[in-house]
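First up is the structure itself, then whatever we jot down about it.
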């Protein structure tokens with residue numbers, strides 16, 4: 001029985017698997033978009049989302065906890081000072097997995113783009129600005 005056994009082994013030892021999760025999470029925090037396999041992305045997603053939630057709460061204890069999970073102080077700094085501010089009003093769902101059609105050349109494995117979700121308010125502001133300009137131009141031409 002598999003009671004309380006969550007997560008896939010990914011054909012690695014536990015230490016190698018832990019290092020893989022930390023490295024993928026740190027790279028995602030630095031780059032905000034990485035290309036990896038679907039299995040790895042699905043495994044690292046809960047780890048990253050918990051870290052972002054931890055960063056949103058803030059505080060020194062949570063900052064130290066993030067450093068101990070990531071083993072990367074620079075990634076924790078970016079997580080707490082840039083990424084947490086971006087998602088402060090978002091209740092969850094900070095990451096996205098997009099499947100790619102192309103397969104990896106070496107072994108033919110399927111690939112995904114694993115990225116942090118951008119804030120949607122920026123796109124709404126861009127849409128609103130042109131509409132206001134058009135309305136102003138129309139009102140100037142009518143008199």
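Taken together, the values in this text are just the output of simple stated rules run on the coordinates, not laboratory data. These figures come from a predicted structure and were not determined experimentally. Cβ sites come from the backbone with ideal geometry, for glycine too, and all protein chains shown count toward neighbours.
Ordered from longest to shortest, the equivalent ellipsoid semi-axes for region 14-117 are 25, 15, 10 Å, each the square root of 5 times a Cα gyration tensor eigenvalue. Highest mean packing first, where packing is the average number of other Cβ atoms within 10 Å per residue, the peptides 23-35, 77-89 line up as 23-35, 77-89. As a rough guide to protection, the peptides 41-48, 97-104, 15-22, 1-8 ranked by mean Cβ packing within 10 Å, highest first, stand as 41-48, 15-22, 97-104, 1-8. Within the P(r) computed for region 51-90, what percentage of the Cα pairs occupies the region above 15 Å? Roughly 24 percent, rounded to a whole number.
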